[in-house]
Structure formats: structure tokens, C-alpha cells
Amino acid sequence: MTDHFSTKLVHGHGYYDEELGHFIPPIFMGIICEHPDRETGQPRKTGRGTELKYAREENITVEALENAIAGIEEAADALAYASGMGAISSLLFSMLRSGSRIVIPMEGYATTVRLVEDLTKFGVDVSEVWPDTRDILEALSKPADIVFLETMTNPTLKMFDVREIAKASKESGAKLLVDNTFVTPYLYKPLRDGAFAVVHSATKYIAGHNDVLAGVTAFSDTKSIIKAWEWRRRLGSTLSAHSAYMVLRGLKTLEVRVERESRTALAIAEFLDDHPKISNVYYPGLNGNPYKVLADKILEKKLYGAVVSFEVKDGKEEAVDMLRRIKIIKPSPSLGGTESLLTYPAMSSAASISREIREKLGITDGLLRLSVGLEDEQDLIEDLDEALK
Ligand SMILES: Cc1ncc(COP(=O)(O)O)c(C=O)c1O
């Protein structure tokens, strides 16, 4: 019974207080508990066997969220962090050493790409490649330690053949890390295709309400988690109990939110594709999109996520004007929440990329990124139509 995705979203935290009958995890705000337990003289232990004594290491509310994430990602175990970047940086610090080689596409969440570039100062060999499966496979002809991918790139939604890359990574001795933030475990589970670990900015769809900052990592084996756990403790990037509760609360509706938002996103992508003021629409669910065949192979539900990027014909002026004119949709960074948001990548996330590379990637001055929320489909289309007039 508990094997189905939607049931795991609601009950997968596994929390149950036998004494009081509570089955919804409370927020354990205390950062300490008795250590050792006065009755047994032994430390209390978590499900993973670590000691329960101090909240930077372990907390029952956070553990409940980690159980739920491990369940939905079909992982051996999971860890929760103070933000998506907390998850990514802690994971990389736990896995890399001086002389390690990491392969990463040049299009992705810019803060992640800049973090990886800066790891060269610790002696890490960084191979930044064109965001294409073939280029990653070619980079793997030389030994590597880590390949870091986003299932769909930010902001032009390029996709990769994760299965092929996971196979090639294993052959070259590398571990594949997948940032699955844009796609969510409802639409795709990278561990099934051979990824070593999956990370999320849980700030986005996992929590889903634009009101909490969090990150999670799900691991394919329990052994590796101990090292990652140790680095989370050292870096202090652990999620707070209050935030864990907020994420757990949002997580229960992940499936219904992503299902509805993805359907609205497809309708909006089709509307924009026919609009005379739009020169390009980037959405892997659109017929004619270069990633449609790959998307159909990877995203078995035939839902393509709820981010749509598009390019207005008149470039910067029109793009900035649109940000001023939209009403229901808010001009704001981030994605994956109940409110629809419109972002201008050339001035925000992609501002750190040189203009030449940015334009080659399709991140032109006219590009806008829309994160579709839970508002009415027709209202959103009218809002966009009015803003484009
Ligand atoms: C794909 C992706 N990964 C990671 C992050 C970082 O997450 P956070 O903002 O929760 O630190 C973001 C943030 O936008 C993102 O879009």
C-alpha cells in the first residue's frame, strides 16, 4: 500500500508517537536532548544509527523529512540542508579532494557553476563543457571523479540522456550527481537510471509555496551518506526543524501541484509558440523542440515540468517592459511555487556568463523564464497576452 508515490508523499516520513498517537511530525525546536539517555546510559540513536544529541547533527523533524525524500526518490537514505546551495556545496566538499576532476555543463544554475569553477583554487580540475550529452560523453574519455548535471538546464531547458551518461560515468570511475530541481521525483527519478546521488533545491517544487529555503540530497547507497553527513555537520549546513516541517507540509501536495502546473505550462508554451511577438519558446513538451524525443524517453508521464522559457522579438526593451506590465504573474526570481513568477535571466542568474557564451546558449537579451504556478490557466494566458500588447 505504501509503495505508491502519492501515499509516500503523505505518509513516507514514518513518524508515529506510540505513546500519544501523533502521526504528524511535530516541530522539535529544542536543539539538544538528554545525552546519554538516563535510563539506558546509552546515546539515543536515529534510524540511520547516528546519535541524537544536537540539532546541527540530527533532529527528529528533519529526519522525518529525510525519510520522506528517500522514499520518493527510491534512495537508500537522504539528508536535508539549509538551502539547495547548502546541499550542493556540502556534497561537493564531501566528495572532492585536490586533484579530483569534475565535469559540468556550462549551462545550469549559475551559482552552482560559479561554485564549481572556484573549486580550482583547491586544486580541483574542472572541465566545463557544452550542455550536450555528446560533449559530456567525450569529456568522460578521460578519467573523472564527478559528473554534475541538471535534468533540465536553467534557463533554456536543455536535457541530457542521463542513462547513457550514468553508464559512461561508471565506466570512467566517476559518480553522477543530478540536480533534479526543475523536474521533481514525480516526473523523473535519476537514481533509477544509475545516478549516484540526486540533489534538489527543495525551496522550489519539493516545498512548493515560495515560503521556505531548503535543500535535500538522496543517495543510492547508505555507506556514502556517512561522509556527506560528516561534512554537513562540519559546514553547519543542516536544515532547521521549523523549515523541515514547512517542507514536509508542502511535499504532501507535490504530485497534484506538478501535475496541474505542468499541464498549464504546456498550454502556455503552445500559446506563446503561436504569438507574433515571440521568436522562440523553450519547452521540451512542445512538438518541434529539439529535446522532445529525449524528454519523451526520460519523462514517462508525458508531463514536461512547469518552467517555460521564451524570447520576445524586440529584445531587452520588450522583455523589461513585459516585466513591468504583467499583473498576476510576479517579476521575481525562483520557481516551483504556487505563485507564477517571471525572471529575466540575462540580468539575474545568467548575468555572470559572458555575453558571447550567453548568446550561443540562447540566453539572449530577449529571453524570459516563466515558472507556472497554480493560478487559472486562462488568467495566466490573458496576463501574458495583455503584457505583450
Ligand atoms: C536548479 C537549481 N539548483 C539549485 C539552486 C539553489 O537552491 P537554493 O536557492 O535553495 O539554495 C537553484 C536555485 O534557484 C536552482 O534553480
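Coordinate-derived values only; no laboratory data. All values reported here derive from a predicted model rather than from experimental measurement. Counting neighbours? That spans all protein chains shown, and the Cβs are built from the backbone with ideal geometry, glycine included.
Compute the angle between helix 254-273 and the longest alpha-carbon principal axis of the chain, please, reported from 0 to 90 degrees and rounded to the nearest 10. Approximately 10 degrees, to the nearest ten.
Eigenvalues of the alpha-carbon gyration tensor of segment 56-103, scaled by 5 and square-rooted, set the equivalent ellipsoid semi-axes at 24, 13, 9 angstrom, largest first. Taking 0.36 nm per residue of sequence separation and removing the Cα-Cα distance, the GLU39/GLU382 pair yields an extension gain of 117.0 nm. Looking at PRO333, PRO185, GLN42, which one has the Cα that reaches farthest to the positive end of the dipole of the chain (charges on Cβ: Lys, Arg +1; Asp, Glu -1)? The residue sitting most towards the positive pole is GLN42. Across q = 0.10, 0.11, 0.12, 0.16 Å⁻¹, segment 43-175 modelled as identical point scatterers on its alpha-carbon atoms has Debye log10 I(q)/I(0) values of -0.40, -0.48, -0.57, -0.92, in the order of the q list. LYS8: which lysines have alpha carbons under 22 Å from its alpha carbon, excluding same-chain residues fewer than 8 sequence positions away? The qualifying lysines are LYS189, LYS204, LYS252, LYS301, LYS302.
What is the angle, in °, between the Cα long axis of helix 162-171 and the longest principal axis of the Cα atoms in the chain? Nearest 10 is fine, range 0 to 90. Roughly 60 degrees between the two axes. When only Cα pairs below 8 angstrom with a gap of at least 6 residues are kept, segment 187-306 shows a relative contact order of 26 percent. The calculated 222 nm mean residue ellipticity attributable to helices in the chain amounts to -11000 deg cm²/dmol, summing -39500 (n - 2.57) over DSSP H runs of n ≥ 4 and dividing by all residues. Applying both filters, DSSP loop and at most 13 other Cβ atoms within 10 Å, to the trypsin sites (Lys or Arg not before Pro) of segment 325-368 gives LYS327.
Helix 241-251 sits at what angle to the longest principal axis of the chain, using alpha carbons and giving 0 to 90 degrees rounded to 10? The answer is roughly 50 degrees. Taking the Cα centre of the chain as reference, the dipole from Cβ charges on Lys and Arg (+1) and Asp and Glu (-1) amounts to some 920 debye. What is the distance in Å between the Cα centres of segment 57-89 and segment 143-206? When both Cα centres are located, 17 Å separates them. Once the chain from ASN280 to GLU356 is taken as fully extended at 0.36 nm per residue, the excess over their C-alpha distance is 25.5 nm.
Here the simple spin-label model places points 7 Å from the Cα toward Cβ, and for VAL10 and ARG56 these points are separated by 3.9 nm.
Loop-resident GluC sites (Glu not before Pro) (DSSP state other than H, G, I, E or B) in segment 26-89 with no more than 12 further Cβ atoms inside 10 Å of their Cβ: GLU34, GLU39. Of the trypsin sites (Lys or Arg not before Pro) in segment 61-129, the ones in a loop by DSSP (not H, G, I, E or B) with at most 16 other beta carbons within 10 Å are ARG97. Among SER279, ALA387, ASN154, flag the residue with its Cα farthest along the positive direction of the charge dipole of the chain, charges on Cβ as +1 for Lys/Arg and -1 for Asp/Glu. Comparing the listed Cα positions along the dipole, ASN154 ranks first.
Listing THR217, THR61 from fewest to most neighbouring C-beta atoms within 10 Å gives THR61, THR217. Taken over the Cα atoms of segment 254-387, the convex hull encloses 107 Å³ per residue. Kirkwood hydrodynamic radius of segment 5-251, from the reciprocal of the average inverse Cα-Cα distance over all distinct pairs: 18.5 Å. What the phi angles of segment 222-232 give under the Karplus curve with 6.51, -1.76 and 1.60, with θ = phi - 60°, is a coupling list of 7, 5, 5, 5, 5, 5, 5, 4, 4, 6, 5 Hz, glycine and proline written as x.
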